[in-house]
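**Student:** One structure, as C-alpha cells, below. Some questions next.
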Amino acid sequence: MTIQREAQAMTDTMARFTAFVGRELPDDVLTQLGRLRQVEDGPLPRVLYDSMFKNLELAHELSRPCCQDTGALQFFVRAGARFPLLGQLRPILTEAVREATRAAPLRHNAVETFDEKNTGTNTGTRLPWIDWDIVSDDASVEIDVYMAGGGCSLPGAAKVLMPGEGYEGVVKFVFDVITSYGVNACPPLLVGVGISTAVETAALLSKRAILRPIGTRHPNPRAAEMERLLEEGLNALGLGPQGLTGKASVMGVHIESSARHPSTIGVGVSTGCWAHRRGTIRFDENLRHQILTHHGVTL
Amino acid sequence: MNKVLTTPISDAAIEQLTVGEVVFLDGTLVTCRDVGHRRLVELGMELPVDLRGGAILHAGPIVADRGGRFEMVSIGPTTSMRMEKFEREFIARTGVKLIVGKGGMGPETVEACRRHKAVHAIFPGGCAVVAAQQVQEIERVEWRDLGMPEALWVSRVSQFGPLIVSIDAKGNNLVDSNKALFNARKAAIVEEIGRQVRFIK
C-alpha cells in the first residue's frame, strides 16, 4: 500500500473505533460497575443502577452513543519512533474525529474560544487534543481514545501545595474536590490524582491516571497504599450512584507521579464519570490493529 | 406499582411528593435550558409553550429529522444548577409544576417550589438512550433559531423516569442534605488517612 492508502485505512479504523468508544464501555469499567451494583442494597441505588445498565443495553442494541455528551475528543498516543505513519498521526486522528462525528453521530462539542462559534465537526484549534509519548526503538503505536462529558470534566482541579502540607494536604485536596463538584459528576467516579511539581504536570498526570485500567496499582508501594486508602476513604463518604447516597463512591483511585522540586507538591485531580468512555487500540508496523480495552470486538 | 404524574399536574399531586421518592411522568415534557430561561426571564419574551401544570426537562437532545418527522435519538439531563439564576422567576411566570434535570438546585428554586407548588426531580445522568426510548413522539419544536440543544422540544412521553424528587414543595432539598452528610463524614476520614501518609520525615 502507498503511504496515502495506509493513512486512509488507519483513519477509517480510528473513526470506527472512536464511534465505538462512544457506545460501549471498556471491560474493566463494566466489571467494576457490576461489582458495585452488587454492593448496593438500598432501593434508590438499585433503581439507578437498573437504569444505568438498561441504558448500556439499549445503546448497544440501537448502536447509539450511550451518553448524549460525547465530549471534546482527546487522544493519548504512545508512538514508537519508527512507526511508519508517525508524521501523519495528527491529520489521521483529526480526520477520524470528523468522520466519527458524522457517522456516530457525536454531539458537536468544539466551540472556538473567543470566537464562541461551534465548528460542528468536533475539530478546531488544538482539537482533538493529542498527548504524545514517543517510545524509542519501537515501530508500533498505542492510542487511548477518551471521551468525557462536561459534567465529569467540571470537578478537575490542580494546585501547588507547600511541602509543609505534605501528602496529608494531597488527601484533603482530593476529598474537597470530590465532596463539592464530584457529587454532580455522575458517580461512581474513577478518580485520578497526579503528584508532581507544578499545576500542569500534576494535572496531566491526574488525567493519565484515569486512563489506567481499573484495579492496576502504582508501582511504588507507598503510592499503591495511598490509592487503597483514598478508595476506602472516599467510599466511606457514601456518595452512591449519581451522588444520591449509597455504599460506594468510586470505581477506583489511581495515582500517577513524577520526581518533583523539593519546594513544592503539585497536586491535580481528574474525575471520570460512571460512563467512563475510554478505549485503547494498538497498530503494529504493518498497521494491523488490536483493541486492548474491549474483549472480542471487531470494528 | 410505579407512582405516576400526568400532565397537567395538580397542586394536590405535587403536595403529596417528598424528596427521595421515585416517580414517572406521563404526558407532555418540554426541553428548556440556558437560553430558553434567559429569553423569558431576562429578555421578557413570551414562552411559545403553555407550561401551566406542565413539565420541563433541562436537556439539549440529539434529534434526527426523518423527512419532516423528528426522532429523539438521545436526551440526557444537563446540570440543573446552571438554571438556578432564572428558575425562581421561571416557575412564578409559567406555572410549571415539574422541573427535571441533573444534580441539585439552590435556595431560590426551593423557595419558588414551596410558594408555587412545584418540584425538581433528577433523571439519572448518562442514561440518554433510556430517556430517548421513553419519548413516544416529538409533537412540535419552538425557538428553533436557538439551534438543536437550546430549542424547546415538545414531546409526548410515557413512563418517563425514574425521576427522583430532589426538591419538594415543603422546602426540602435532597442534594443539599446529602452534601451536608458527605461533608460531615469527611473530616474524620481525611484525618485518619492523613495519619497514614506522613511520608515526609
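**Student:** If you check A:Gly240, A:Gly266, A:Gly272, which single one turns out to be crowded, with 17+ Cβ neighbours inside 10 Å, away from chain B (no Cβ under 14 Å), touching a residue at least 12 places away in the same chain (Cβ under 8 Å) and among the small types (Gly, Ala, Ser)?
**Tutor:** A:Gly266
**Student:** Got a sec? Which of A:Glu112, A:Glu168, A:Glu116 is within 11 Å of chain B (Cβ to nearest Cβ), without any contact (Cβ under 8 Å) to a residue 24 or more places away in the chain and out of contact with any His (no Cβ under 7 Å at 6 or more places or on another chain)?
**Tutor:** Selected residue: A:Glu168, the only one of A:Glu112, A:Glu168, A:Glu116 that is within 11 Å of chain B (Cβ to nearest Cβ), without any contact (Cβ under 8 Å) to a residue 24 or more places away in the chain and out of contact with any His (no Cβ under 7 Å at 6 or more places or on another chain).
**Student:** So, one more: So how many residues does the stretch A:190-208 have that are of a type in the set (Ser, Thr, Tyr) and crowded, with 24+ Cβ neighbours inside 10 Å?
**Tutor:** Here the count works out to 2.
**Student:** For the stretch B:169-182, which residues satisfy the criterion of being under 11 Å from A:Val183 (Cα atoms) and within 10 Å of another protein chain (Cβ to nearest Cβ)?
**Tutor:** Correct list: B:Val175, B:Asn178, B:Lys179, B:Phe182.
**Student:** Yes or no: the stretch B:61-72 includes at least one residue that is surrounded by fewer than 19 Cβ atoms within 10 Å (Cβ to Cβ), farther than 21 Å from B:Glu137 by Cα and aliphatic (A, V, I, L, M).
**Tutor:** Within the stretch B:61-72, none of the residues are surrounded by fewer than 19 Cβ atoms within 10 Å (Cβ to Cβ), farther than 21 Å from B:Glu137 by Cα and aliphatic (A, V, I, L, M).
**Student:** Sticking with this one: Looking at the stretch B:2-16, is at least one residue of a type in the set (Ser, Thr, Tyr), within 14 Å of chain A (Cβ to nearest Cβ), surrounded by fewer than 24 Cβ atoms within 10 Å (Cβ to Cβ) and under 27 Å from A:Val47 (Cα atoms)?
**Tutor:** No, the stretch B:2-16 contains no residue that is of a type in the set (Ser, Thr, Tyr), within 14 Å of chain A (Cβ to nearest Cβ), surrounded by fewer than 24 Cβ atoms within 10 Å (Cβ to Cβ) and under 27 Å from A:Val47 (Cα atoms).
**Student:** Being in contact with a strand residue (DSSP E or B) (Cβ under 7 Å, 6 or more places away or on another chain) and surrounded by fewer than 16 Cβ atoms within 10 Å (Cβ to Cβ) narrows it down to one residue among A:Asp144, A:Asp115, A:Asp131, A:Asp137; which is it?
**Tutor:** Only one candidate passes the filter, namely A:Asp131.
**Student:** Now for a different question. Answer yes or no as to whether B:Ile193 is in a helix (DSSP H, G or I) and surrounded by 19 or more Cβ atoms within 10 Å (Cβ to Cβ). First the steps, then the outcome.
**Tutor:** Details: in a helix (DSSP H, G or I): yes; surrounded by 19 or more Cβ atoms within 10 Å (Cβ to Cβ): yes.
Yes; evaluated as a whole, the condition is true for this residue.
**Student:** Within the stretch A:219-226, is there a residue that is in contact with a helix residue (DSSP H, G or I) (Cβ under 6 Å, 6 or more places away or on another chain), outside any helix (DSSP H, G or I) and either crowded, with 24+ Cβ neighbours inside 10 Å or more than 12 Å from every other protein chain (Cβ to nearest Cβ) (or both)?
**Tutor:** No, the stretch A:219-226 has no match at all.
**Student:** Sticking with this one: Considering only the stretch B:134-152, I want to know if a residue exists there that is among the small types (Gly, Ala, Ser), touching a residue at least 24 places away in the same chain (Cβ under 8 Å), touching a strand residue (DSSP E or B) at 6+ places or on another chain (Cβ under 6 Å) and within 29 Å of B:Asp168 (Cβ to Cβ).
**Tutor:** no
**Student:** Can I ask one more? I need a count of the residues in the stretch A:174-206 that are closer than 20 Å to A:Leu33 by Cα and assigned to a helix (DSSP H, G or I).
**Tutor:** Of the residues in the stretch A:174-206, 4 are closer than 20 Å to A:Leu33 by Cα and assigned to a helix (DSSP H, G or I).
**Student:** Going through the stretch B:32-77 one residue at a time, which ones are closer than 19 Å to B:His116 by Cα and either assigned to a strand (DSSP E or B) or of a type in the set (Gly, Ala, Ser) (or both)?
**Tutor:** Of everything in the stretch B:32-77, those that are closer than 19 Å to B:His116 by Cα and either assigned to a strand (DSSP E or B) or of a type in the set (Gly, Ala, Ser) (or both) turn out to be B:Gly53, B:Gly54, B:Ala55, B:Ile56, B:Leu57.
**Student:** Kindly indicate whether any position in the stretch B:138-159 is crowded, with 17+ Cβ neighbours inside 10 Å, among the hydrophobic types (A, V, I, L, M, F, W, C) and within 12 Å of chain A (Cβ to nearest Cβ).
**Tutor:** Scanning the stretch B:138-159 turns up no residue that is crowded, with 17+ Cβ neighbours inside 10 Å, among the hydrophobic types (A, V, I, L, M, F, W, C) and within 12 Å of chain A (Cβ to nearest Cβ).
**Student:** Which one is surrounded by the most Cβ atoms within 10 Å (Cβ to Cβ) among residues in the stretch A:33-62 that are in contact (Cβ under 8 Å) with a residue 24 or more places away in the chain and over 16 Å from A:Ala275 (Cβ atoms)?
**Tutor:** A:Pro45
**Student:** From A:Phe83, A:Phe53, A:Phe76, which residue is more than 22 Å from the chain's Cα centre (by Cα) and either over 29 Å from B:Pro77 (Cα atoms) or at pLDDT 95 or above (or both)?
**Tutor:** Selected residue: A:Phe83, the only one of A:Phe83, A:Phe53, A:Phe76 that is more than 22 Å from the chain's Cα centre (by Cα) and either over 29 Å from B:Pro77 (Cα atoms) or at pLDDT 95 or above (or both).
**Student:** Does B:Ser166 satisfy the condition of being among the hydroxyl-bearing types (Ser, Thr, Tyr), under 27 Å from B:Arg38 (Cα atoms) and more than 13 Å from chain A (Cβ to nearest Cβ)?
**Tutor:** Values: among the hydroxyl-bearing types (Ser, Thr, Tyr): yes; under 27 Å from B:Arg38 (Cα atoms): yes; more than 13 Å from chain A (Cβ to nearest Cβ): no.
Criteria not met by B:Ser166.
**Student:** Another question about this same structure. Within the stretch A:205-218, track down each residue that is more than 14 Å from chain B (Cβ to nearest Cβ) and within 10 Å of A:Glu256 (Cα to Cα).
**Tutor:** Passing the criteria: A:Leu205, A:Ser206, A:Lys207, A:Arg208, A:Ala209, A:Ile210, A:Arg212, A:Arg217.
**Student:** Mind listing whichever residues of the stretch B:73-102 are away from chain A (no Cβ under 14 Å) and either acidic (Asp, Glu) or closer than 18 Å to B:Leu25 by Cα (or both)?
**Tutor:** Listed by number, the residues that qualify are B:Glu87, B:Glu89, B:Gly95, B:Val96, B:Lys97, B:Leu98, B:Ile99.
**Student:** Let me ask something else. Inspect all residues belonging to the stretch B:29-43 and state whether any of them is surrounded by fewer than 22 Cβ atoms within 10 Å (Cβ to Cβ) and of a type in the set (S, T, N, Q).
**Tutor:** no
**Student:** Residues in the stretch A:51-71 that are out of contact with any strand residue (DSSP E or B) (no Cβ under 6 Å at 6 or more places or on another chain), of a type in the set (Gly, Ala, Ser) and more than 7 Å from chain B (Cβ to nearest Cβ): how many?
**Tutor:** Residues in the stretch A:51-71 being out of contact with any strand residue (DSSP E or B) (no Cβ under 6 Å at 6 or more places or on another chain), of a type in the set (Gly, Ala, Ser) and more than 7 Å from chain B (Cβ to nearest Cβ): 1 in total.
**Student:** With respect to A:Glu168, is the statement that it is over 27 Å from B:Ser80 (Cβ atoms) and of a type in the set (Asp, Glu) true? Walk me through it before giving the result.
**Tutor:** On the way: over 27 Å from B:Ser80 (Cβ atoms): yes; of a type in the set (Asp, Glu): yes.
For A:Glu168, the condition - over 27 Å from B:Ser80 (Cβ atoms) and of a type in the set (Asp, Glu) - is met.
The values are calculated or read from the model by the stated rules, or taken from the named source; none is laboratory data. These figures come from a predicted structure and were not determined experimentally. FYI the Cβ positions are ideal-geometry reconstructions off the backbone, even for glycines, and counts take in every protein chain you see.
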